[in-house]
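The values are calculated or read from the model by the stated rules, or taken from the named source; none is laboratory data. Just so it is clear, the model here is predicted, and its values are computed rather than measured. Glycine also receives a Cβ, built like all others from the backbone with ideal geometry; neighbour counts cover every protein chain displayed. Just the protein is used for accessible areas: all its heavy atoms, side chains included, with ligands, DNA and RNA removed. Shrake-Rupley method; radii C 1.70, N 1.55, O 1.52, S 1.80 Å.
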Amino acid sequence: MTTSPTVRPRRLRTTAAMREMVAQTRLDARQLILPAFVRDGISEPTPITSMPGQYQHTLDSIRALAHQCATAGIGGIDLFGVPRDEDKDASGSVAWDEDGILNRAVEAVRREVGDELVVMADTCLDEFTSHGHCGVLTEDGRVDNDATLPLYADMAVAQARAGAHVVSPSGMMDGQVRVIRQALDEAGFHEVAILAYSAKYASAFFGPFRDAVGCSLQGDRKTYQQDPANRREGVREALLDVEEGADMVMVKPAGYYLDVVADVAAVSPVPVAAYQVSGEYAMVEAAAANGWVERERVIRESVTGIVRAGADMVLTYFALDPALVGPVK
Ligand code: PBG
């Protein structure tokens, strides 16, 4: 005898209209943030080979890009600076120079978009140091946590002065959020928010980014970025940052760390961002270019997964892609 089931979850999958009506996760352009690179000393935007479709921008082209972000209605733009090689030094001092490329870019972008788009700046030294580490080094070559903190504070204040709505410390030094909050407040920038890269893992998925910023790093960041094996620590880092004054916290990379995104989202009293990083982007583009995956569907699914896990905002190089900001497919 066969019995026909009365409980049929498939009823809610019968038509596209039904599926859309009951969809639990929806993407919204306003939750997307585009990371973008500005390079000093170039006259034309330069394509980044390992990130097809992404460029090192000039000051002019970054302004145009920011304008495009505002028009598309996405949430924000996160700016990274690429200085000239000869401007790099052991402490990364061009990072807090008001004439440094990142601060000039923040100013230009802010002038272009006003308050229509959230303007964020990456607050980390690795693009600016001759050795490529995210902090200054001790004599024996170790990354010196406490000597790095005041430099982050100076950098954050310079970014606020240039017009950043949000500074985003990504160097994983202990105590970085506290010193940055204190320095911003002392300089009168009470309204500038901190997006803390709280749970940032020592990830091989950052590979293409290092090309994008011409990073000089030899070695790795395993003494400051987290071990990919560790889940619990993601929550610990996020809660510490909240205690230190973070207005938003971030998990990075995103797609391979959805357990951490979910854990952080479950306990965070502040908005949670996740960063779909350069390697995640490059793999999709490479597979799609070979015809091995359907590009638009994979992009949508990857970002939907990140939001479903609990991210309120997603930093992604796909932020302006029609797959995300176009009509629902
Ligand atoms: C460090 C920084 C990195 C990324 C963002 N901020 C690289 C690193 O830690 O080595 C990676 C972003 C990406 O891969 O898209 N300032």
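So what's the back-of-envelope 222 nm ellipticity for the chain, counting only DSSP H runs of four-plus at -39500 (n - 2.57) apiece and dividing by all residues, rounded to 500? List each step's numbers first, then the result.
Values: 11 runs with 123 residues, N = 329.
Result for the chain, helices only: -11500 deg cm²/dmol.
Quick one: 3J(HN,Hα) in Hz for the range 73-81, Karplus 6.51/-1.76/1.60 with θ = phi - 60°, rounded, Gly and Pro as x.
Whole-Hz 3J(HN,Hα) from phi for the range 73-81: x, 6, x, x, 10, 10, 9, 10, x.
Calculate the length of the line joining the C-alpha centroid of the range 245-287 to that of the range 7-23, in whole Å.
29 Å
How large is the accessible surface per residue of the chain, computed with a 1.4 Å probe and reported in Å² as a whole number?
Numbers: 15330 Å² over 329 residues.
Per residue, the chain has an accessible area of 47 Å².
Let me check the size of the range 276-329 from its C-alpha atoms; what are the radius of gyration and Dmax in Å?
Both quantities, over Cα of the range 276-329: 10.8, 32 Å.
Taking the Cα centre of the range 1-93 as origin and charging only Cβ (+1 Lys, Arg; -1 Asp, Glu), how large is the dipole, in debye to the nearest 20? Can you show the working numbers first?
Values: 11 positive and 10 negative charges, 242 e Å.
Result for the range 1-93 is approximately 1160 debye, rounded to the nearest 20.
Set the Förster radius R0 to 56 Å, insert the Cβ-Cβ distance between residue 294 and residue 137 as r into 1/(1 + (r/R0)^6), and round the FRET efficiency to 0.05.
Working: r = 46 Å, r/R0 = 0.82.
FRET efficiency, residue 294 to residue 137: 0.75.
Over all directions, what mean area does the Cα convex hull of the range 236-329 project, stated in square nanometres?
Details: hull surface 25.0 nm².
Mean shadow area of the hull around the Cα atoms is 6.2 nm².
Using the Karplus equation 6.51 cos²θ - 1.76 cosθ + 1.60 (θ = phi - 60°), what ³J(HN,Hα) coupling, rounded to whole Hz, does each residue of the range 43-53 give in order, writing x for Gly and Pro?
10, 10, x, 10, x, 9, 4, 7, 9, x, x
Apply the Karplus curve 6.51 cos²θ - 1.76 cosθ + 1.60, θ = phi - 60°, to the phi angles in the range 156-173 and return the couplings in whole Hz, x for Gly and Pro.
Listing the rounded values in order: 5, 5, 4, 5, 5, 4, 6, x, 5, 6, 9, 9, 9, x, 10, x, 6, 7 Hz.
Counting C-alpha atoms alone, how compact is the chain: give Rg to one decimal and Dmax as a whole number, in angstrom.
Cα-based Rg and Dmax for the chain come out at 20.3, 81 Å.
R0 = 25 Å: FRET efficiency of residue 216 with residue 60, Cβ-based, nearest 0.05?
Approximately 0.40, to the nearest 0.05.
Roughly how large, in nm² to one decimal, is the mean projection of the convex hull of the alpha-carbon atoms in the range 173-329? All intermediate terms of the calculation are to be shown ahead of the outcome.
Values: hull surface 43.4 nm².
Reported value for the Cα convex hull: 10.9 nm².
Placing one identical point scatterer on every Cα of the range 1-121 and ignoring solvent, what is log10 I(q)/I(0) from the Debye formula at q = 0.09, 0.11 Å⁻¹?
Per q value, in the given order, log10 I(q)/I(0) is -0.41, -0.51.
Mind checking the range 12-69 for trypsin sites (Lys or Arg not before Pro) that DSSP puts in a loop (not H, G, I, E or B) and that have at most 13 other Cβ atoms within 10 Å? Each step should come with its number before you reach the end.
Details: sites: 13, 19, 26, 30, 39, 63; in loops: 26.
Here the sparse-neighbourhood loop sites are 26.
Tell me the label-point distance for the pair residue 3, residue 116, using the 7 Å Cα-to-Cβ offset, in nm and rounded to one decimal.
About 6.2 nm separates the two model spin labels.
For every other residue with a beta carbon closer than 11 angstrom to the beta carbon of residue 201, add +1 if it is Lys or Arg and -1 if Asp or Glu, then tell me the sum.
Working: positive: 200, 221, 222, 231, 252; negative: 227, 233, 237.
The answer is +2.
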